[in-house]
């Protein structure tokens, strides 16, 4: 479960709710409480999950947890930490992660940008590659929404199709 500033775990078959600790990675704004906007979960193995959270201020936060529904327990393997700061610092409205063969694909959407992060290794390694090379973020970002662009897309209407 996701609340504005906190992350909780509750298995559907249990009445027990556990609060999950989110730590700062120490790189910037240490101790700042983040407002969460979006979340996606990727099953890593039987009871191990990678959880990716998008924040109100454009941060992607990653953690790895083991959840045992039979015991109703949650164990944090890797504490939640900031793995990417998006250049525009706008809310991450939606986030999706998947693994295809040996590559991770993550899509993060803000009101004006679509960010894509692609790579192999661990999900943390993929984000580290982008964090260490900000030009990669620019190369794998699509401007959407309300930002003005020199490129215009022509949408065909019925009269355009009739002349073909």
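Couple of notes before you dig in:
- Being under 26 Å from residue 46 (Cα atoms) and modelled with pLDDT under 95 holds for only one residue in 75, 88, and it is 75.
- If the condition is being loosely packed, with under 13 Cβ neighbours inside 10 Å, part of a strand (DSSP E or B) and touching a strand residue (DSSP E or B) at 6+ places or on another chain (Cβ under 8 Å), then region 79-123 contributes 98, 103, 120.
- Only one of the numbered conditions (1) surrounded by fewer than 14 Cβ atoms within 10 Å (Cβ to Cβ); (2) in contact with a strand residue (DSSP E or B) (Cβ under 7 Å, 6 or more places away or on another chain); (3) in a loop (DSSP other than H, G, I, E, B) is not met by residue 142, and that is (3).
- Residue in region 115-123 that is within 25 Å of residue 144 (Cα to Cα), over 11 Å from the mean Cα position of the chain (by Cα) and free of Cβ contacts under 8 Å to residues at least 40 places away in the same chain present: yes
- Residue pairs whose Cβ atoms lie under 9 Å apart, sitting 6 or more positions apart in sequence or on different chains, and linking a residue in region 67-78 that is surrounded by 15 or more Cβ atoms within 10 Å (Cβ to Cβ) to a partner that is modelled with pLDDT of 75 or more and assigned to a loop (DSSP other than H, G, I, E, B), are 67/47.
The values are calculated or read from the model by the stated rules, or taken from the named source; none is laboratory data. Values in this document were obtained by computation on a predicted structure and should not be read as measured data. Quick reminder, even Gly has a Cβ in these numbers, built from the backbone with ideal geometry, and neighbours come from all protein chains shown.
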